[in-house]
Every structure is written in structure tokens, then in C-alpha cells.
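Below is one structure, written out as C-alpha cells, with a few remarks after it.
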Amino acid sequence: MAQSKEEFLEQFGGDYGYPDAPRGINELRAADFKRLEGMVFLDHAGATLYSEAQMADVAKDLMSNVYGNPLILKFGTYSQSDSSMATSDLITSMRHQVLKYFNASPRDYKCIFTSGATAALKLVGECFPWSRDSCYMYALSKGATVSAVDVEEVVDPSKNHGSDSLFKISKHSTQRRGDDVLLHNYQHGSLPAISGNDINLFAFPSECNFSGHKFNLSLVKLIKEGKFISTTSQQQGSWMVLIDAAKGCTTEPPNLTVYSADFVVCSFYKIFGYPTGLGALIVKNEAAGLLNKTYFGGGTVAASIADIDFVQKRKSIEQVLEDGTISFLSISSLRYGFKIIDMLTISAIARHTASLATYMRKKMMDLKHSNEKNVCIIYGQEASKVKDLKMGPTITFNLKREDGTWFGYREVEKLASLSGIHLRTGCFCNPGACAKYLGLSHSDLVSNFEAGHVCWDDNDIINGRPTGAVRISFGYMSTYEDAEEFLKFLQSSFVSKAVGLNKGYMVNMDTLNLGDDWSEQAISDIRLKSITIYPVKSCQGFSVQGWPLTTGGLKYDREWLLQGSGGEILTQKKVPELSSIRTLIDLELGKLFLESPKHKDKLQISVIENLTHLSAEVDVYGQRYEVQTYSETINSWFSDAIGRPCTFMRCSSSKYRSCTINGRRDRLCRDTRSKLNFVNEGQLLLVSEESISELNSRLSSGNGNGKQRVFVDAMRFRPNIVVSGSTPYDEDNWKRLNIGGAYFTSMGGCNRCQMINLYQSSGQVIKSKEPLATLASYRRQKGKILFGILLNYEDSMDEEDDTVVERWIKVGQEVYPSTE
């Protein structure tokens, strides 16, 4: 890395690391971002990070000063206290600071504080003077016309259809809600003539949060002069311009002295991390006078009479548009964020982040598979033919396999998390840019929705095409080392090597055949080594020498769970304290025993008698279950044990059936009486000692991606059944098993999550990167990290009297697998 960094600094040393600032990047990172040690944060477009010095200043300020409610007049109340006056003065100062950041004169602009950029956009949308002849997307519900356009800079203005602008305009279809006939007439020019006094609004981002493309702000002047619109629309009247600077202002805030937009919106956590829930609308005075706000109250009025229709609103634009008491303590903390920006300078931040992004784009584009095919497809890189197209410090991309198929963005996100890398995936709340860059048509989007895809779900590949992308972004405290760590991650996890050099690359699980083709041949040297029952989901299990089977698999296995006060299902991933609760079922006594370090007394619950109070239906990971709940005494015991309110419930019946035909799920099952309790996919989980041993050999030799050398036992994977006597990963090929005359069907590999990285040490739950990071290096298939297999029990029924034949499995029994 040292040699690479020297080459990087040779090219970017004048821009990287704040050479002219009081503190360089290394000192800044070491002093103010110690919490980033061991991780790589590349989601600054989502939210950048606050510095430790910044928060120390905020805390010292709040502990040293008294800030009162800044509203001087509020429905007849009046305050001239020192604390209120001090707050009012501070807010005025912060308004000027925000305007200064955008180089906006206080004579021409006002700063309206909002809860964020979204709230600022909403404020404009709701208060803008729309009419039937106005044009803008937001105003559909108020009768205005919609026009969406693509804007592309061109090299030769003479080729832009006779226009002298530097932009090529591609207009999409016009939209309008309301009467179909009226819309048809409008589109064919048969409406009454437009007066020309109507006001239209054009909005665009200063930087695309999807691709990082920075828009040329010369658009502002062209739009306001009508030159830009005249080539694409017959719309008349004047045009106002709104710039969404939520992303762009983090490195290049719009200069409103040069580009006099009417509205600019921003969120401060995007700029310096804290505070969240605070943004601003920068509004031109003339534009502010046109905003018509319906709501009044909470300090927005000069006078009001309660029992008659009499109200006089305030003259101050800020007081009219800000409802109630603004977030004055958050506003007071803005100065400490701007203190950092002023120390580094915004131009230096722009150069610093641009150097990292430029370097990263080139390195990513250079990544090749062994067949010389590109690994990374970067979006927006070729969005314009203009030389040196301006790009922000954001890179959005997808990854391709050697055979040309796509890696799903969820797979990338999962593996990145294992490597301590923080990034973002999906469409980033920008469906328009997402569809444009991914090449998704309207029919594609509708088809994906009908296939079940919605924002934020896991459907990352549909019909062989990505539904979203991966985004990394740099912030003012990002380093060269962050970039290198991410490149190493891409190289080790997604780039194929030549044959014989594929350490760390995916095993092709589709063609994997590590065992013999046994067919129906009995293999007597494989035996059942251990049986574990987990009565309560995510709590400890208990081992037995033998156990009965039911239509739900092992009797009482994962038949209970805990539900949080908000209706969420509690698991170890959310509540690590669950792992400290010990369980045991005595079949002769018919009781479930539970112990917790937080309780002196054991809890005993009958598994035979009906001690439940209420029946209800709950949703568990998308499946509906009928459940029974218990008394408040039992709920209180569990609440004390895990330190949060919860409800203990038992599965009484399940509408979730898992098919056992040919090992395929989600089909009408041959045996519709079999059910799943509170399990994720299969009734039982099987792992082999030989596979565990092979994994441990990789962990001890450091062959995996993780740097820690650890040892894991079978119980880390919470298996129901452990077998021994096979060879590593033979179980991947098993289709059916016979254990003591009981038959089981394999449902395929078990997709592992970060729960297997949790373990207990000295009574504390510890989270590491292993063994999942090592498994990811060689046990991946289509975005899943597989270890162990899921089984469903094929219960037996006497056809003559329709009774179930109860079978037991016992430790030591021979296991007869079949691969057909």
C-alpha cells in the first residue's frame, strides 16, 4: 500500500489531505474520529459523520449557557428574559451564517429553518401559487401540468437544434390529473389562451445523489430567462427555479450571488453530521412573497380572535413560514459544524474528496476478471460527452461475474458489512435516476413491482437484471486508506482469478459434488452425533440422547418466541441477552424450565396444560401464525431477563407450510399436515463435524478473509442435528436422509447471517467478523453464504386409522443419505 500511496500523492498530493489547513487529514482523523478505527465508512451521501471536537463544543455550550424559548410574541405571551433574547440573537446569527455559506446576501434572501431538505421541498410545494396553467411535478393534485426532462450538456451548441445553450433537452410525456377530456384538449392546444401571468417552477439537484453528476448551475439563468423552456414546452408565464442542494452543498454549495435561484434546500447533517432533523429553505425575498401558507398558529400570527374569523399574519417571512418553536438548541449547534468547514475551507474539502473519488473510479474501472471482462459497471461516468464532466465524490455501480451475470447489491452489502465497510444500496430514494441508469422501462418497473419488489426489500435481481445499485461516497474526513481497503475488498470478494489461484473466490455450488453418488446405497459409517432442542427462538438449547418427532419436526422445537412491545420479533441479533436464557423440557413432567442470570428463581411452564390467556395472529418474517400468550407474571420474568418489555407466546398453529417435493419450497406440498414452527425455512438444521473441522482449519491458517484466528464448535451454528463420519460438505448433495427409520427431505443449504458471529465470553455477548467472513470467501452462492442443510421431517401416518406414528431419533443411530 505504501508504494500505491506514493503514486496517489504524486498525482493528487496538492489536493488531498488539506495541506494548507491548520491540521492535515491524518491528524484530523486520529484526533476527532477515533471511533472509525477498524472500519471503513463510505456512506457520506447518506449522512456524513460528526467530529468528536464538534460534539465536545456542543456539549460544553449546552452545559455552560441557558437558552430560553426564542419566541418573543406568541399568542399574547411576551418575554424579554436574557435567556430568550440570547437565543433569538443566536438564531439571527445562524441565519446569516447559513446565507453566507451559500454566498447569499441578507438583502436578497431569507433563511427559513425546517426539519430537513425534504420538509423544505414540501413547504415550497404546498405554498407555491399553483394554477391550472402552472407546470411542475409536485402540483399534479392542484391541477398543474407535469413535465419531466433529462438535461445533458453538449460540446457544440450549434448542434443543439438551433439553441445557443449548452444543454440538450429531452422531454418526457406531459402529465396531468383530472378530467380526461380536459387533458386531451390541453395536449392538443384547444384550451383557452393562457394569460402569461402564471408562475411555473423548475426544480433540479445541484448534484445527483445517485450518480454524483454535478449539474451546471448556468441552468438557473437560462430557465429564468425562458430560453431553456421555450425549446421544450409551450408553457407560458414566468419561471422560478428551485435547487435541491442536499447532496451538492456538502462540497460545493450553490453560489447564489452568481446563480440567483429562487429556492435552495439543504440538510445540515449532510454537511457536518450533526444536528440531524434540521435543514433550511433559502428563499429569495420576491419568491417568499408569493408563497401562500394556509396554516397559522404557534407564533406565525400578529393577532387572532378566537371566536370570530379574524387573523393577521406576521410580516416577517421567517415567522410566517416557521411553525411554532423552532429547534433552537439544534440551531445553536450549527456554529460548531461551520467552525470545521471554515477551518478546512469548502474548496479544500471539494478537492480532497474529488481526489479520492477520481482515484477510486479509475481503479474500479481497471478491475478485470481472469477473462478480461470488467468487474465494475459505474453509472453516470459517461452521462455527458463534455470533457472533464464534473462529478461529486459519489460512485454508484453494480458488479458483474466472470460469466456476465450480476452480483446482487444485497450480496455486496452483506459482504461489505462483514469487512467493516459501511455503504448504501438500492435506489437511494431517487427512482427516476435509478430507472434511467439501470435502463428500466415503465413496463420493467411495473413488472418488478408485481413480482413483489418494493423499495428497501431484498429483491436485488429480477429477471436477471439489477433493481438497484451500490453506492459509496466520500466525506471531508475520508482517507486514502479508506479507498484502498474498499478496493482490496472488491478484489478479494468479487474478482475471479486464474484456475488454481481462486482462494477467496466463490465455490460454484451448482456443480459442487464433493461426495460420491450414493443413490440408494446405505452408508453406515455416518452416525447421529448429537441432538439439540431450542424451545424458545434465539434462547439457549439443550442436548438430549433421544427425542420424538412430530409434524413440526422435533417436538417443541422453536415453539415459543418473544415479541417486543412494538410487535417486532426478538432475536439474538436485536437482543443479545436472549443467549443467556437457558432452557430445558422434561417430557415426563411435561414442563418447560427456564433460567436467567437476572433471576434467582427458575420459571416453570407446563407444555401440556393450557395456561395461555389469549389467542391471536402474528406476522413472523412474512408468515402468519396463530399464537397463544401467557400471563403478565411470565411476561415480566422475560422482560426482566432481557431488560426490555416483551410478550411470551406459543405457536398454536401455523399457516406456513414448507414443501418437501423435490426439495423445492413454496409449492403445494404432498403432506399438507406438516408445519413449521417459529423457524426461518426448514424444520431442522443439520451440520457435519467434518465440515466444522474443515472450516476451523481455514480459520486457524488465516485462509479466510478475516484476520482473527478463532475456533468455532458446532453449537455456534445452532444445529438440531450434528452428524459425523462423512467428508466435508457431503451434506450439500444429500436429497433425502433415513435416520432410525425416520425420513427427512433436504430443503437445501442454510443461508447464514451475522448471528453466527455472536458468542459469549465471561458472561458478555461478543460480536466478531468470524466465522461468517471466512465462509463468505468460499461458501457463496447467488448472494447467500451457505453452511449446513435444512431438513423437513416426512411424518408417517397409518392410512387405515388416520393416526400419526410417533418416531424418535437417537444419538448413535446410523444416517443413510441419498443423493437422488
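The values are calculated or read from the model by the stated rules, or taken from the named source; none is laboratory data. From a predicted model like this one, the values you see are computed outputs, not experimental measurements. Cβ: placed from backbone, ideal geometry, glycine included. Neighbour counts: every protein chain shown. Heavy atoms of the whole protein, side chains included, go into the accessibility calculation; ligands, DNA and RNA do not. Shrake-Rupley method; radii C 1.70, N 1.55, O 1.52, S 1.80 Å.
Couple of notes before you dig in:
- Test result for residue 450, within 19 Å of the chain's Cα centre (by Cα) and either open to solvent by 20 Å² or more (accessible area, probe 1.4 Å) or β-branched (Val, Ile, Thr) (or both): no
- Among residues of segment 302-334, those that are within 11 Å of residue 91 (Cα to Cα) and of a type in the set (Val, Ile, Thr), counted: 2
- Of the listed requirements (1) within 30 Å of residue 483 (Cβ to Cβ); (2) at pLDDT below 95, residue 55 misses just one: (2).
- Of all residues in segment 275-289, exactly one satisfies the criterion of being open to solvent by 70 Å² or more (accessible area, probe 1.4 Å) and either in contact with a Ser or Thr (Cβ under 8 Å, 6 or more places away or on another chain) or not in a helix (DSSP H, G or I) (or both), namely 276.
- Hey, residue 34 within 30 Å of residue 360 (Cα to Cα) and modelled with pLDDT of 95 or more or not: yes
- Candidate set from segment 94-122 (those that are charged (D, E, K, R) and under 18 Å from residue 337 (Cβ atoms)); member that is least open to solvent (accessible area, probe 1.4 Å): 95
- Which listed residue, of 355, 370, 332, is out of contact with any helix residue (DSSP H, G or I) (no Cβ under 8 Å at 6 or more places or on another chain) and among the hydroxyl-bearing types (Ser, Thr, Tyr): 370
- Residues of segment 759-783 satisfying the condition of being buried (at least 19 other Cβ atoms within 10 Å of the Cβ) and in a strand (DSSP E or B): 780
- Tally of residues being farther than 13 Å from residue 279 by Cα and in contact with a helix residue (DSSP H, G or I) (Cβ under 7 Å, 6 or more places away or on another chain) across segment 313-328: 4
- Hey, residue 131 more than 28 Å from residue 69 (Cβ to Cβ), open to solvent by less than 40 Å² (accessible area, probe 1.4 Å) and either touching an Asp or Glu at 6+ places or on another chain (Cβ under 7 Å) or among the aromatic types (Phe, Trp, Tyr) (or both) or not: yes
- Selection from segment 388-408 of residues that are outside any strand (DSSP E or B) and either charged (D, E, K, R) or at positive phi (or both): 388, 390, 401, 402, 403, 404
- Filtered residue count, segment 3-34, keeping only those that are more than 12 Å from residue 479 (Cβ to Cβ) and among the hydroxyl-bearing types (Ser, Thr, Tyr): 1
- Within the set 296, 263, 310, the sole residue that is out of contact with any helix residue (DSSP H, G or I) (no Cβ under 9 Å at 6 or more places or on another chain), outside the structural domain of residue 475 (by the TED database) and among the aromatic types (Phe, Trp, Tyr) turns out to be 310.
- Count of segment 453-477 residues which are in a loop (DSSP other than H, G, I, E, B) and open to solvent by 20 Å² or more (accessible area, probe 1.4 Å): 10
- Screening segment 306-318 for residues that are without any contact (Cβ under 8 Å) to a residue 60 or more places away in the chain and open to solvent by less than 70 Å² (accessible area, probe 1.4 Å) and picking the one that is farthest from residue 116 (Cα to Cα) gives 311.
- Set 653, 691, 697: member being modelled with pLDDT of 75 or more and surrounded by fewer than 19 Cβ atoms within 10 Å (Cβ to Cβ): 697
- Residues that are farther than 15 Å from residue 464 by Cα, open to solvent by 40 Å² or more (accessible area, probe 1.4 Å) and under 14 Å from the mean Cα position of the chain (by Cα), drawn from segment 404-426: 413, 414, 417, 422, 424
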